[in-house]
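Single-structure report; data block below.
Computed from the coordinates by the stated procedures, all read-outs in this text should not be read as laboratory data. Since this is a predicted model, take the numbers as computed values, not measurements. Here the Cβ positions follow ideal geometry from the backbone for every residue, glycine too, while neighbour counts run over all protein chains shown.
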Amino acid sequence: MIIESSSPLDQPLSLPCGVKLKNRIAKSAMSDSLGDGAGNPTNDQITLYERWAKGGLALSIVGEVQGTPHFAEKPGNLILNNHSDWEQLERLAKAGATDNAQLWLQLGHAGAMADAPISTPKGPSALDLPGLSCGALSLSEIHALPAEFARTAHLAQKLGFGGVELHAAHGFLLNQFLSPLFNKRNDAYGGSLQNRMRLLLEVISTVRDAVVPEFPVGIKLNATDQLEGGFAEDEALDVVAALDKTNIDLIDISGGTYFPGAASSSDRAGAGPYFLDFAGLARAMTRIPLMVTGGFKTLAQAENAIGGGAADIVGLARALVIDPELPTFWLSRQRAEPPFPRFQSPPEGGVTAWYTMQITQNAKGGTPLAPEDLEGAIYAYESRDDERRRIWKSKHS
Ligand SMILES: Cc1cc2nc3c(=O)[nH]c(=O)nc-3n(C[C@H](O)[C@H](O)[C@H](O)COP(=O)(O)O)c2cc1C
């Protein structure tokens, strides 16, 4: 006798390009910091994505994959270009697609927030603020960006990855162009929202043309930067309406930024989900499937998001770090909530650092970290990045 699962999470999802996701649980993009420092995948990273795939999720997204070494978010990022280790990348693509999961790459460019020790940060406009200083991209540099994203997407397809997600959230380059706080340009790429979203739309159409129609192209978009004067909900809804006219396959809704002093979703405590109300508004503006990421902690929250119709797929980050096998547990109703750690007054970025080091434990099969390990985790995270910066600089200068 076949027992049918009644969970709304256990239904397949067809994307506009024709790809079918096997259920409604995704691992949202995380910068796992498992690159080798030169931009290539490590064996630990390959093991980790296989573990996540075997854990039952439908879609898994590698965070912050760069097209060049010049504007990386961190020295643990992967780089995908003609100089990369294609063989190792193909192994990663295969491992992450185990058990009919999809493994996508999030195409990143950190722009103004590129890791300063290994880059010369540049965003839409020059800024000199406490903790953030950057130059402005020239018009010809902006004109070169769509083709750069497209080359990376084409290579992702060629090496066997299931799809790509354009990173337009969390304060990185494509989000910086949308944001009036970062974007003070007075040419065709600044000023009105139509101008501020021009680069994003150019990137989408150039990427779409560079891959076959059956290859999924998604986007991660902020519902709000949660910064005064930043990209806010009313404009985000206008962007969703504009995306509806493109042939994108998935809009992954998130929010917050890693701008110094601002709120980031990955450091945030408290009850979630964070962006479901916005997703309900976005739902009315588009037929494109919506992924909603941020603050999902329980099976009931995830089922309500899908059952209520605001989300088509839920994106989990920290929950899948705590419990990489969570989708299997949720779908078989064996566990409702992973045991989330609680931190006492963590410093800014500390929670994300702790989770990043827990990702390493998952990859190596090591003992899980305790909340009390916060200080040691931050130290290990920073020391490892310093070590990788040395490698990055020696390989890419
Ligand atoms: C360690 C870590 C690294 C992250 N790196 C990325 C990233 O590279 N790209 C991205 O879009 N979001 C990144 N995020 C944010 C998550 O995708 C997600 O938006 C956020 O953590 C909120 O979801 P959660 O409550 O399920 O953790 C990261 C989160 C964590 C914990």
Legend entry - Per-peptide average of other Cβ atoms within 10 Å, ordering 328-337, 28-37, 258-267 highest first: 28-37, 258-267, 328-337
Inset, instruction - Ratio to report: Rg/Rh of segment 240-397, with Cα atoms as the point set and Rh obtained by the Kirkwood method; give two decimals. - result: 1.02
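Count the net charge of all other residues whose Cβ sits under 14 Å from the Cβ of residue 172, scoring Lys and Arg as +1 and Asp and Glu as -1.
Values: positive: 74, 122, 220; negative: 64, 73, 115, 165, 225, 252.
Residues close to residue 172 contribute a combined charge of -3.
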Inset, instruction - Would you calculate, for the chain, the mean residue ellipticity at 222 nm contributed by helices, counting each DSSP H stretch of 4 or more residues as -39,500 (n - 2.57) and dividing by all residues, to the nearest 500? - result: -11000 deg cm²/dmol
Inset, instruction - State the antiparallel share, in %, of DSSP beta bridges confined to the chain, rounding to the nearest 5. - result: 15
Inset, instruction - Report Rg (one decimal) and Dmax (nearest whole number) for segment 155-306, counting Cα atoms only, units Å. - result: 15.5, 47
Legend entry - DSSP-defined antiparallel bridges as percent of all bridges, segment 1-147, nearest 5: 35
Legend entry - Inverse mean reciprocal Cα-Cα distance (Kirkwood Rh) of the chain, Å: 20.8
Inset, instruction - Work out the P(r) tail for segment 12-141: percent of alpha carbon pairs separated by more than 19 Å, whole number. - result: 54
Inset, instruction - Determine the dipole magnitude for the chain: charges of +1 sit on the beta-carbon of Lys and Arg, -1 on that of Asp and Glu, nothing else is charged, the reference point is the Cα centre, and the result goes in debye to the nearest 20. - result: 500
Legend entry - Highest-first arrangement of 67-75, 344-352, where packing means the average Cβ count within 10 Å: 67-75, 344-352
Inset, instruction - Inverting the mean 1/r over all pairs of different Cα atoms, compute the Kirkwood radius of segment 32-83 and quote it in Å. - result: 11.6
Inset, instruction - Can you check what the net charge comes to around residue 286, using other residues whose Cβ is under 14 Å from the Cβ of residue 286 (Lys, Arg +1; Asp, Glu -1)? - result: -2
Inset, instruction - Give me D for segment 260-301 in µm² s⁻¹, whole number, from Stokes-Einstein with Rh from the Kirkwood sum over alpha-carbon pairs, 10 °C and 1.306 mPa s. - result: 135
Inset, instruction - Can you tell me what the convex hull of the Cα atoms of segment 140-205 projects to on average, as an area in nm²? - result: 4.7
Inset, instruction - Give the peptides 83-90, 249-256, 317-324 in descending order of average Cβ contacts within 10 Å, highest first. - result: 249-256, 317-324, 83-90
Inset, instruction - Compute the Rg/Rh shape ratio of segment 84-136: radius of gyration over Kirkwood radius, all on alpha-carbon atoms. - result: 1.24
Legend entry - Neighbourhood net charge (10 Å Cβ-Cβ; Lys/Arg +1, Asp/Glu -1) for residue 50: +3
Inset, instruction - Give the relative contact order (percent, whole number) for the chain; include only Cα pairs under 8 Å separated by 6+ residues. - result: 17
